[in-house]
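Engineer: Below is a structure I'd like to ask you about.
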Amino acid sequence: MSDRRAYLLMLVSVAVIWLLAVRWSGLPPLTLPSPVKVGEVLWDERSAMLEGTLSTLFTALLGYALANLIALSLAIGSVYIRWLEAFSTPWVVVLKNIPFVALASLLIITMGSSLLPRLIIVVLVCFHPLLANLNQGLKAADRVLIDRMRTLDGSRWEIFRYVLWPSALPYYLAAHEIAFTTSIVGAIVAEWFLSRQGLGHILVQGMTEYRGDRIYAATLISSVLSFGAYWICRATGRHLTRWQRA
Amino acid sequence: MTDPAVRLKQVSKRFKAGVDILTGIDLAVAPGELVALVGASGCGKTTLLRMAAGLEEPSEGSVEVLGRSPAQACALRQVGVAFQRAALVPSRTALENVQLTLAITRRTDGLDPSQLLRDFGLGEHLHAYPHQLSGGMQQRVNIAAALVHQPQILLLDEPLGALDEITRESMTEWLAGVLARTRPTTLLVTHSVEEAVVLADRVVILSRYPGRIAHDIPIHLPRPRDIWGKPSAEFQETVRTVRGHLHAVLRATGI
């Protein structure tokens with residue numbers, strides 16, 4: 001089955017299951033609104049929804065950019081500074097495994113509901129796959145090719161440009177498919193805990209006001225954003241590695 | 001007498017675990033000469049070649065390439081190396097891989113990459129990626145990339161070792177033609193006695209545990225040396241002699 005058909009089938013299935021659930025589950029519209037009702041909310045509250053979406057996107061993209069900067073610095077630095085990977089690994093492992101709720105609570109009491117704690121959460125949730133894959137890709141570089149470059153007196157930059165980076169690129173691109181979508185999820189969760197704006201905040205409002213339609217509307221938007229992020233990464237990755245399919 | 005292009009003086013190599021790989025190696029390769037190194041696996045052939053390429057340091061003794069350290073010779077872009085596995089950038093075409101050598105060495109007096117690949121029988125595959133080429137074709141690109149900047153020293157580490165028998169035979173003949181035309185000083189590591197005798201001016205047999213030069217046999221056969229058609233009696237006798245020495249060395253080291 002082609003990718004396109006699989007996604008189409010998924011979309012149709014979700015719509016059918018949703019409609020069947022509305023018809024047969026017996027749940028009140030308050031908790032399970034119909035797709036039409038959710039569509040109405042999306043339209044009627046488009047201004048708030050757009051504002052929330054932009055706020056979430058801003059947090060996600062900024063956090064994602066920072067995560068990339070940190071992951072690239074650590075991974076590339078570890079190639080040239082031998083102790084860096086050994087030094088950073090325990091930190092990475094500990095930070096990755098701190099319970100999310102504990103981290104959010106700590107950030108609330110230390111930094112309040114500003115942008116910074118939200119960014120920290122986004123960075124922490126999405127930088128690990130980037131770093132892990134970059135490390136793996138750089139280590140997978142062809143040693144024979146590096147030896148060849150050395151016998152040609154290739155500089156460190158040339159070895160990086162012609163051997164290490166091309167080796168790491170497919171791994172890095174694969175990590176983006178996970179990390180980019182995770183950054184959006186991370187931004188929403190961070191907003192859920194720490195913000196008075198964004199899709200996460202709309203979800204909190206929907207919960208406290210028993211507005212299932214708003215929760216579904218925000219969920220729908222976040223799904224579209226995540227899917228869009230995934231699609232952009234996939235398309236970019238396929239473009240940059242098109243030689244593999246030549 | 002002309003100074004040797006490659007000279008190893010009392011070279012020994014000991015790995016960190018205390019294992020002696022090579023000991024007391026004295027070898028001089030004259031300019032334009034092709035020396036083949038043969039011996040059992042683990043005798044240190046590749047280590048010797050890597051020392052000549054500046055990729056390994058000797059534990060004792062000295063290695064000189066063109067009267068300098070190997071690293072300095074590499075810095076002058078006078079060394080070309082082709083390993084057993086073709087070292088090609090997978091995301092670059094055959095032509096781009098050969099051009100890469102010129103880009104890195106910044107040699108303006110190098111050969112024309114397109115013409116070189118055409119001469120190597122790859123005119124139809126200039127824009128093919130490595131994964132689209134057969135093993136033999138990849139190795140041709142690999143050797144073209146090692147030759148394109150016209151190095152004075154060529155180091156070949158079993159360049160045909162990963163190929164099947166038929167491809168290997170035709171590639172040996174092809175390589176002999178290429179080396180006859182370009183005539184760099186060449187150190188060739190090989191497991192094949194026939195390949196060594198076809199290509200080399202001298203065959204050096206290494207013993208092992210640790211590796212020493214057991215025999216240094218000059219090959220005085222006329223060129224071109226046709227072995228796949230009708231090998232001459234002289235050629236067959238030379239192969240027998242080299243093989244006899246090699247087997248004697250292997251028996252002496254318990255193989």
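The values are calculated or read from the model by the stated rules, or taken from the named source; none is laboratory data. These numbers were taken from a predicted model, which means no experiment stands behind them. Reconstructed Cβ throughout: ideal geometry from the backbone, glycine too, with neighbour counts over all protein chains shown. Surface areas here come from the heavy atoms of the whole protein model, side chains and all, with no ligands, DNA or RNA. Shrake-Rupley method; radii C 1.70, N 1.55, O 1.52, S 1.80 Å.
Engineer: Among DSSP bridges having both ends in the protein assembly as shown, what percentage is antiparallel? Round to the nearest 5.
Structural biologist: Values: 17 of 36 bridges.
Among the beta bridges of the protein assembly as shown, antiparallel pairing accounts for roughly 45 percent.
Engineer: Pick out which of B:Ala86, B:Ala200, B:Ala180 has the largest mean-square fluctuation in a Gaussian network model of chain B, springs linking Cα atoms closer than 10 Å.
Structural biologist: So, out of B:Ala86, B:Ala200, B:Ala180, the one fluctuating most is B:Ala180.
Engineer: Now for a separate question. Dipole size in debye (nearest 20) for chain B around its Cα centre, Lys and Arg Cβ +1, Asp and Glu Cβ -1?
Structural biologist: 460
Engineer: For the stretch A:65-139, what mean projected area does the convex hull of the alpha carbons give, in nm²?
Structural biologist: Numbers: hull surface 20.3 nm².
Approximately 5.1 nm², given one-decimal rounding.
Engineer: Moving on. Using the Cα centre of the protein assembly as shown as the reference point, and only Cβ charges (+1 on K/R, -1 on D/E), how large is the resulting charge dipole? Debye, rounded to the nearest 20. Write down the numbers at each step before the final one.
Structural biologist: Details: 48 positive and 40 negative charges, 87 e Å.
Rounded to the nearest 20 debye, it is 420 debye.
Engineer: Pairwise over distinct Cα atoms, reciprocal of the mean inverse distance: report the Kirkwood radius of the protein assembly as shown in Å, one decimal place. The partial results should precede the final answer.
Structural biologist: Numbers: mean 1/r = 0.0366 Å⁻¹.
Mean inverse Cα-Cα distance, inverted, gives 27.3 Å.
Engineer: Given 37 °C and 0.692 mPa s, how large is the Stokes-Einstein diffusion coefficient of chain B in µm²/s, with Rh as the Kirkwood radius over Cα pairs?
Structural biologist: Numbers: Rh = 18.6 Å.
Here the translational diffusion coefficient equals 176 µm²/s.
Engineer: I want to verify a result. In a Gaussian network model of chain B, Cα cutoff 10 Å, which of these has the top mean-square fluctuation: B:Lys45, B:Lys13, B:Lys230?
Structural biologist: Maximum fluctuation in the GNM of chain B, among the listed residues, is at B:Lys230.
Engineer: Nearest 0.05, what FRET efficiency do A:Gln205 and A:Val16 give at R0 = 35 Å with Cβ-Cβ as r?
Structural biologist: Working: r = 29 Å, r/R0 = 0.84.
E(calc), rounded to 0.05, equals 0.75.
Engineer: Among the residues of the stretch A:148-170, which ones have their accessible area go down by 40 Å² or more when all the protein chains sit together, as opposed to their chain alone (1.4 Å probe)?
Structural biologist: A:Arg148, A:Arg150, A:Thr151, A:Leu152, A:Asp153, A:Glu158, A:Tyr162
Engineer: Are there any residues in the stretch A:213-246 with a reduction of at least 20 Å² in accessible surface when going from the isolated chain to the assembly of protein chains? Probe 1.4 Å, please list them by number.
Structural biologist: A:Trp243, A:Ala246
Engineer: Then there is this: In Å², rounded to the nearest 100, what is the total accessible surface buried by chains B and A against each other with a 1.4 Å probe? Working shown, then result.
Structural biologist: Working: alone 12010 and 14780 Å², together 24660 Å².
Summed over both sides, the interface buries about 2100 Å².
Engineer: Using the Kyte-Doolittle scale, find the helices of chain A whose mean hydropathy is at least 0.5 and whose Cα atoms extend 15 Å or more along the helix's long axis, counting only whole DSSP H runs. Could the numbers behind the result be given before it?
Structural biologist: Numbers: long enough: A:3-24 (31 Å, 1.21); A:46-80 (50 Å, 1.21); A:82-97 (25 Å, 0.28); A:100-111 (16 Å, 2.62); A:115-139 (35 Å, 1.34); A:165-194 (39 Å, 0.95); A:198-208 (16 Å, 0.87); A:212-240 (42 Å, 0.44).
Qualifying helices: A:3-24, A:46-80, A:100-111, A:115-139, A:165-194, A:198-208.
Engineer: Ok, one more. Can you work out the accessible area per residue across the protein assembly as shown, with the rest of the protein chains kept in place, probe 1.4 Å, in square angstrom? Show your work: numbers first, answer last.
Structural biologist: Values: 24660 Å² over 501 residues.
Per residue, the protein assembly as shown has 49 Å² of solvent-accessible surface.
Engineer: Taking amide H atoms as placed 1.01 Å from N in the peptide plane, list the residues 5 or more away in sequence, or in a different chain, whose amide H sits under 5 Å from that of B:Leu154.
Structural biologist: Distant-sequence amide H within range of B:Leu154: B:Gly80, B:Thr185, B:Thr186, B:Leu187.
Engineer: Could you tell me what percent of the DSSP beta bridges with both partners in chain B are antiparallel, to the nearest 5?
Structural biologist: 45
Engineer: Starting from the exponent 0.38 and prefactor 2.2 Å, build the expected Rg for the stretch B:1-85 from its residue count and divide its actual Cα Rg by it.
Structural biologist: Working: Rg = 12.7 Å, N = 85, 2.2 N^0.38 = 11.9 Å.
Working it through for the stretch B:1-85, the quotient is 1.06.
Engineer: Here's another thing I want to ask about it. Quick check: at a probe of 1.4 Å, how many percent of the accessible area of the protein assembly as shown sits on carbon and sulfur atoms? Don't skip to the end; give the middle numbers.
Structural biologist: Numbers: 14890 of 24660 Å².
Here it works out to 60 percent.
Engineer: Related question: Report, as a whole number in µm² per second, the diffusion coefficient that Stokes-Einstein gives for the stretch B:28-135 at 25 °C and 0.890 mPa s using the Kirkwood radius over alpha carbon pairs. Could the numbers behind the result be given before it?
Structural biologist: Values: Rh = 16.2 Å.
Value of D from the Cα-based Kirkwood radius: 152 µm²/s.
Engineer: With just the Cα atoms of the stretch A:148-232, tell me how far they stretch along each of the three principal axes, in Å, largest first.
Structural biologist: Answer, in whole Å and largest first: 69, 24, 12 Å.
Engineer: Report, as a whole number in µm² per second, the diffusion coefficient that Stokes-Einstein gives for the stretch A:92-177 at 25 °C and 0.890 mPa s using the Kirkwood radius over alpha carbon pairs.
Structural biologist: Numbers: Rh = 15.3 Å.
This corresponds to a translational diffusion coefficient of 161 µm²/s.
Engineer: Let me confirm one metric for peptide B:84-91, namely the mean number of other chain beta-carbon atoms within 10 Å of its residues' beta-carbons. Could the numbers behind the result be given before it?
Structural biologist: Working: counts 1, 4, 4, 10, 4, 8, 8, 12.
Shielding by partners across B:84-91 averages 6.
Engineer: For a quick check, take a GNM of chain A with Cα springs below 10 Å and name the residue from A:Ala67, A:Ala86, A:Ala75 with the largest mean-square fluctuation.
Structural biologist: Checking each option, the largest mean-square fluctuation is seen for A:Ala86.
Engineer: Farthest toward the dipole's positive end in chain B, which of B:Ala144, B:Gly24, B:Gln78, given Cβ charges of +1 (Lys, Arg) and -1 (Asp, Glu) about the Cα centre?
Structural biologist: Ranked along the dipole, the leading option is B:Gly24.
Engineer: Could you pull the Rg and Dmax for the stretch B:88-150, using just the Cα atoms, both in Å?
Structural biologist: Looking at the stretch B:88-150, its Cα Rg and Dmax stand at 10.3, 30 Å.
Engineer: How do B:Glu173, B:Glu64 rank by accessible surface area computed with a 1.4 Å probe, from largest to smallest?
Structural biologist: Descending order: B:Glu173, B:Glu64.
Engineer: Which value at 222 nm does chain A reach when only helices count, each DSSP H run of 4 or more adding -39,500 (n - 2.57), with the total divided by all residues and rounded to the nearest 500 deg cm²/dmol?
Structural biologist: Details: 11 runs with 203 residues, N = 246.
That comes out to -28000 deg cm²/dmol.
Engineer: Taking the Cα-to-Cβ direction at A:Arg150 and at B:Arg181 and moving 7 Å from each Cα, how far apart do the two end points lie in nm?
Structural biologist: Placing both labels 7 Å along Cα→Cβ, they lie 3.2 nm apart.
Engineer: Hey, any idea what the orientation-averaged projected area of the convex hull of chain A's Cα atoms comes to, in nm²? Don't jump to the answer; show the numbers that get you there.
Structural biologist: Numbers: hull surface 67.9 nm².
For the Cα atoms of chain A, the hull's average projected area reads 17.0 nm².
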